[in-house]
Amino acid sequence: MANQKEMENAVRIILENIGEDPGRQGLEKTPNRVAQMYKELTRGYHESPEKLINKAHFDVDYDEMVVVTSINFYSLCEHHLLPFFGLVHVGYIPKGKVVGLSKIPRIVDMFARRLQVQENMTHQIANVLNDQLKPEGVGVVIEGYHMCMMMRGVEKQKAKMITSSLLGCFKEDHKTRTEFLELIRSERRDI
């Protein structure tokens, strides 16, 4: 677990090195606030898929696509520690089992609440669902806006990154992939 005092001291050092006085009124409590914020924004390191799903698998006689769209997420870019955010769309075809509906956004949050790159997060979500449910296939699409590209560097405010991870029949079967992409297309919109 993170050492609160060490994190606060690191923030004070940053403030001093950018030319600020960490002792001035507006910044006195900033080191504590920032340390608490990072603990909250990285809580995904202390969560596991098994505990999140908590045996919420249910036997079903259903073999059609299950799709959950427009799951909001907020994460931190591991390169600059700046936020990126957007929407996650998840689909799977059950093989006798479904997962409780709330578990899918919880899995998204578990991986989003870590230092990330969008490409890895996309695969991590798909792989956990595949490992936990053993479905016919899984599809995950993430649309993300990255502050590291919006407020610094190239400063492109409308650039959106889209990543996908397709497993099983979502990757192997063109019709399944097309159905999934058509279903989420009706939900995709700018954030």
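Key figures for this structure:
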read-out	value
Residue satisfying condition, being farther than 16 Å from L76 by Cβ and at pLDDT below 95, within set E50, E28	E50
Residue within the range 38-46 that is surrounded by 15 or more Cβ atoms within 10 Å (Cβ to Cβ), in a helix (DSSP H, G or I), modelled with pLDDT of 95 or more and among the acidic types (D, E) present	no
Test: residue in the range 105-125 that is without any contact (Cβ under 8 Å) to a residue 12 or more places away in the chain, out of contact with any Leu (no Cβ under 6 Å at 6 or more places or on another chain) and of a type outside the set (G, A, S)	yes
The lone exception for R33 - which of (1) surrounded by fewer than 17 Cβ atoms within 10 Å (Cβ to Cβ); (2) closer than 30 Å to F180 by Cβ; (3) not β-branched (V, I, T) it fails	(2)
Filter pass, H57 being under 27 Å from V108 (Cα atoms), surrounded by 11 or more Cβ atoms within 10 Å (Cβ to Cβ) and touching a Lys or Arg at 6+ places or on another chain (Cβ under 7 Å)	yes
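The values are calculated or read from the model by the stated rules, or taken from the named source; none is laboratory data. These numbers come from a predicted model, not from an experiment. A quick note on method: Cβ atoms are made from the backbone with ideal geometry, for glycine too, and the neighbour counts reach across all protein chains shown.
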